[in-house]
1. Please go through the range 134-153 and give me each residue that is more than 23 Å from the chain's Cα centre (by Cα) and either surrounded by 14 or more Cβ atoms within 10 Å (Cβ to Cβ) or among the aromatic types (Phe, Trp, Tyr) (or both), ordered by number.
2. Within the range 100-115, which residues are out of contact with any Asp or Glu (no Cβ under 8 Å at 6 or more places or on another chain) and either part of a helix (DSSP H, G or I) or within 13 Å of the ligand (Cβ to nearest atom) (or both)?
3. At least 2 residues that are more than 13 Å from the ligand (Cβ to nearest atom) in each: list the helices (runs of 4 or more DSSP H) lying fully within the range 1-78 that qualify.
4. For residues in the range 160-188 being more than 19 Å from the chain's Cα centre (by Cα) and closer than 26 Å to residue 267 by Cα, which is farthest from the ligand (Cβ to nearest atom)?
5. I'm checking my understanding of the structure. Among residues of the range 136-155 that are more than 14 Å from the ligand (Cβ to nearest atom) and within 21 Å of residue 297 (Cα to Cα), which one is modelled with the lowest pLDDT?
6. Filter the range 340-368 down to residues that are surrounded by 14 or more Cβ atoms within 10 Å (Cβ to Cβ) and in a loop (DSSP other than H, G, I, E, B) and give me whichever is farthest from the chain's Cα centre (by Cα).
7. If we keep just the residues of the range 189-210 that are within 17 Å of the chain's Cα centre (by Cα) and of a type outside the set (Phe, Trp, Tyr), which is surrounded by the fewest Cβ atoms within 10 Å (Cβ to Cβ)?
Amino acid sequence: MRILILGGDGFCGWPSALHLSAHEHQVTIVDSFVRRRIDDELRVQSLTPISTLSERVRAWSEVTGRRIDVVEFDLAHEYDVLLDVLSKVRPEVIVHFAEQRAAPYSMKSPELKRYTVDNNLNATHNLLAAVVQAGLDAHVVHLGTMGVYGYESVPVDLPEGYLTVSYPDRDGHLHSREILYPTAPGSVYHLTKSLDQLLFQFYARNDGVRITDLHQGIVWGTQTDETALDSRLINRFDYDGDFGTVLNRFLVQAALGHPLTVHGTGGQTRAFINIRDTVRCIRLAAESGDAVDGRVRVMNQVTETHRVSDLARLVAETIGARISEVPNPRAEADENLLSARNDHLLGLGLEPTRLDAGLLQESVEIAQKYADRVDVSRIPSTSYWNSARRSSAAGGDA
Ligand SMILES: NC(=O)c1ccc[n+]([C@@H]2O[C@H](COP(=O)([O-])OP(=O)(O)OC[C@H]3O[C@@H](n4cnc5c(N)ncnc54)[C@H](O)[C@@H]3O)[C@@H](O)[C@H]2O)c1
């Protein structure tokens, strides 16, 4: 199939592009490279030395003989270029990764809240409007997040996007209908993903756009079979307080002999997926677009849930590290329970990769290999959700 990957230079997009190319799909990557510019702005770099996108695709072609095309533009602000690309490439599948994806970054300042809303909502809406305008019957696969469900303990396994509710009419007769599972976003970033869901619902109903929204858990790991083929194909690994995700941060901290920084008591339970499963799920979703009809297909892209303190203990025991409880910068419950269904992807053939010591070790070896690239001062999260705490923290720093 002809597949357009929006945000294909990023942490999930790059290995997904390679995986789809390795499976005989014709891949075109779109990226504005804003993520690389954010690294410069934050004065941080990926733990792993990532090549430029042009070097990456050249290496892929040398190693495998497969070609990946690249187009650089800003999806949120260059609508005409998007339309032109859609009419030239005529993609059958469009995988949309191109959003600002860090919750702490989205809460850093009023400017970054506004940037996150502007970038994410315009990117998603431009895509949907352009698919309709170009008259394309393309299947849109979007990366959403498990965070849209919120992190309150609820007495159910989180369903895949929808909830059936019953309510009495004015005569007291019970009716039931299916609604989008009520969202409870915990950051401006999560808010944009919640709003994306309404855009999808509208365009599926109004224009018949075929859409799959993948509610992905926190991704950990770095390499996949394809990115490991050549050092120039290596994937991004964020460890900093804004973009680093919890388990990858623990792995880097352990590799450096830095204490594992657990926010609060670590009683938060979160959903996880290894990057190797992410790329497989993207392929399973992309290749099953014929099954999408009428309403948005929502699939929970998660393989397991863990309590943050248990993860810290596992990493500490496997690699040997100290755990340090630090104040939680986020406005969130100290503890929650979380369990989610993932029947859709299992039904499509996903065989989950479970967290185990072997895979942790693989990531630690990468962290140790590139330890000299780490700036330890960038490890703590300095984005405070609560403005009163933010100003006191800023005052303290000053
Ligand atoms: N990484 C995770 O743990 C995780 C978990 C759940 C969901 N997701 C979702 O998966 C998607 C990809 O995440 P990631 O970790 O690969 O993020 P990333 O920041 O590494 O990659 C996103 C890519 O999109 C590009 N991009 C952003 N805005 C753009 C625009 N307007 N025009 C063109 N390109 C643009 C960036 O330059 C970057 O290369 C995101 O939508 C994110 O919300 C990620």
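The values are calculated or read from the model by the stated rules, or taken from the named source; none is laboratory data. If you're wondering where the values come from, they're calculated on a predicted model, not measured in any experiment. Here the Cβ is made from the backbone with ideal geometry for all residues, glycine too, and neighbour counts use every protein chain on show.
1. Listed by number, the residues that qualify are 134, 136.
2. Across the range 100-115, the qualifying residues are 100, 101, 103, 106, 110, 111, 112, 113, 114, 115.
3. On the way: elements: 13-22, 34-42, 53-64.
Where helices (runs of 4 or more DSSP H) fall fully within the range 1-78 and carry at least 2 residues being more than 13 Å from the ligand (Cβ to nearest atom), they are 13-22, 53-64.
4. Taking the candidates together, the pick is 182.
5. Taking the candidates together, the pick is 150.
6. The qualifying residue farthest from the chain's Cα centre (by Cα) is 348.
7. Step one: list which residues in the range 189-210 are within 17 Å of the chain's Cα centre (by Cα), which gives 189-197.
Add one more test, that the residue is of a type outside the set (Phe, Trp, Tyr), and what stays is 190-197.
Values: 190: 22, 191: 21, 192: 26, 193: 25, 194: 19, 195: 17, 196: 24, 197: 22.
So the residue we want is 195.
Yes/no matrix, rows are residues, columns are (1) in contact with a Phe, Trp or Tyr (Cβ under 6 Å, 6 or more places away or on another chain); (2) modelled with pLDDT under 95; (3) charged (D, E, K, R); (4) near the ligand (Cβ under 10 Å from one of its atoms):
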{"position": "204", "(1), (2), (3), (4)": "no, no, no, no"}
{"position": "207", "(1), (2), (3), (4)": "no, no, yes, no"}
{"position": "218", "(1), (2), (3), (4)": "yes, no, no, yes"}
{"position": "226", "(1), (2), (3), (4)": "no, no, yes, no"}
{"position": "230", "(1), (2), (3), (4)": "no, no, yes, no"}
{"position": "233", "(1), (2), (3), (4)": "no, no, no, no"}
{"position": "236", "(1), (2), (3), (4)": "yes, no, yes, yes"}
